[in-house]
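Comments concern the structure below.
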Amino acid sequence: MELKKISSRVFYYPHQPETDRPMLAYIKGEKVALAIDAGNSASHVDEFYKALEIEGLKKPDFTVITHWHWDHTFGMHHINGLSIAHHKTNEFLNQEIAKLSDSAYINFLKTDDECLGREYAENKRIIVVLSDIQFEKKLTLNLGGMTAKIFHMVSPHSEDTVLIYIPEEKILFLGDSTSEDFFNDGYMDKEKLKALINLIESMDCNYCILSHADPLTKSDLLDYLISILD
């Protein structure tokens, strides 16, 4: 699979539904390269880095995590550079680390989630780590010629949701924030969705990037989200 280009400085490695691999993004600053999400395994990270190498891009210096779910974090032990996550993300990951000491829980994960079972077939080991850097509300990175504004946001999907805004490119990365809560029987909290819609409406962005979809224009995403409220 090839790396896709949104602009001359923003790239993404497309999502892969068969193993629930999310899109992995790459922002090329003059000083620092930032990746968005760590993928669901070491193999996922290796594929991403190979695609970067083919395009002549260096490995990321930092990787920011959008939320704690396995497909976004189980590759974090294998990344280059430092990882960044919200403090609640680390709280959830700490709980996962404790649970993974029980082989019965590992077997449950592999049988309960077909995608995880395929990604971790043949007794491939699941490794979960905490981020190197954590924050409470927001964090701004000067990448060199570009800024990454990283901030926590209310979301119907997960309480540790983090969004990343690149103002110079007018691109907003939303992770899985617009989706329902799969750990609560697929419940869609419409009040939280309204708050997210209001935030998106207020942002000066042309593109909105979700982790399991192709890039969308701001207007297309808002049209879709507003339809969910009806």
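In region 175-199, which residues are over 12 Å from Glu159 (Cα atoms) and assigned to a strand (DSSP E or B)? Matches in region 175-199: Gly175, Tyr187. For region 92-101, the candidate set comprises residues that are part of a helix (DSSP H, G or I) and without any contact (Cβ under 8 Å) to a residue 24 or more places away in the chain; within that set, the residue that is nearest to Leu130 (Cα to Cα) is Gln95. Kindly provide the set of residues from region 156-191 that are among the polar types (S, T, N, Q) and touching a residue at least 60 places away in the same chain (Cβ under 8 Å), ordered by number. Scanning region 156-191 gives Ser158, Thr161, Ser177. Scanning region 133-155 for residues that are part of a loop (DSSP other than H, G, I, E, B) and either without any contact (Cβ under 8 Å) to a residue 12 or more places away in the chain or within 15 Å of the chain's Cα centre (by Cα) (or both) returns Met153, Ser155.
Answer yes or no as to whether Phe48 is surrounded by 14 or more Cβ atoms within 10 Å (Cβ to Cβ), of a type outside the set (Asp, Glu) and either closer than 21 Å to Thr161 by Cβ or at pLDDT below 95 (or both). Considered against the rule, which asks whether it is surrounded by 14 or more Cβ atoms within 10 Å (Cβ to Cβ), of a type outside the set (Asp, Glu) and either closer than 21 Å to Thr161 by Cβ or at pLDDT below 95 (or both), Phe48 comes out as no. Taking the residues in region 11-40 that are on the phi > 0 side of the Ramachandran plot and at pLDDT 95 or above as candidates, determine which candidate is surrounded by the fewest Cβ atoms within 10 Å (Cβ to Cβ). So the residue we want is Gly39.
Every test in (1) among the hydrophobic types (A, V, I, L, M, F, W, C); (2) in contact with a helix residue (DSSP H, G or I) (Cβ under 8 Å, 6 or more places away or on another chain); (3) farther than 27 Å from Tyr207 by Cα is passed by Ala104 save one, and that test is (2). Screening Ala121 against (1) closer than 22 Å to Asp160 by Cα; (2) part of a loop (DSSP other than H, G, I, E, B) leaves a single unmet condition, (1).
The set of residues from region 1-44 being in a loop (DSSP other than H, G, I, E, B), closer than 13 Å to Pro60 by Cβ and in contact (Cβ under 8 Å) with a residue 60 or more places away in the chain comprises Gly29, Lys31, Val32, Asp37. Scanning region 176-183 for residues that are at pLDDT below 95, over 17 Å from Leu210 (Cβ atoms) and touching a strand residue (DSSP E or B) at 6+ places or on another chain (Cβ under 6 Å) turns up nothing. Restricting region 200-226 to residues that are small (Gly, Ala, Ser) and outside any helix (DSSP H, G or I) leaves a set whose member that is surrounded by the fewest Cβ atoms within 10 Å (Cβ to Cβ) is Ala213.
With the condition kept exactly as written, say whether any residue in region 76-86 is touching a residue at least 12 places away in the same chain (Cβ under 8 Å), among the hydroxyl-bearing types (Ser, Thr, Tyr) and either surrounded by fewer than 18 Cβ atoms within 10 Å (Cβ to Cβ) or within 15 Å of Phe173 (Cβ to Cβ) (or both).
Checked region 76-86: no residue is touching a residue at least 12 places away in the same chain (Cβ under 8 Å), among the hydroxyl-bearing types (Ser, Thr, Tyr) and either surrounded by fewer than 18 Cβ atoms within 10 Å (Cβ to Cβ) or within 15 Å of Phe173 (Cβ to Cβ) (or both).
Within region 192-211, restricting attention to residues that are of a type in the set (S, T, N, Q) and touching a residue at least 12 places away in the same chain (Cβ under 8 Å), the residue that is farthest from Asp20 (Cα to Cα) is Asn206. Each residue in region 116-140 was checked for being over 26 Å from Ile197 (Cβ atoms) and either touching a Phe, Trp or Tyr at 6+ places or on another chain (Cβ under 9 Å) or of a type in the set (D, E, K, R) (or both), and 12 pass.
Of the set (1) buried (at least 18 other Cβ atoms within 10 Å of the Cβ); (2) farther than 26 Å from Met188 by Cβ; (3) at pLDDT below 95, all apply to His157 but (2).
The values are calculated or read from the model by the stated rules, or taken from the named source; none is laboratory data. Everything numeric in this text was worked out from a predicted model, so none of it was measured. Note that each Cβ is placed from the backbone with ideal geometry, even for glycine, and that neighbours are counted across all protein chains shown.
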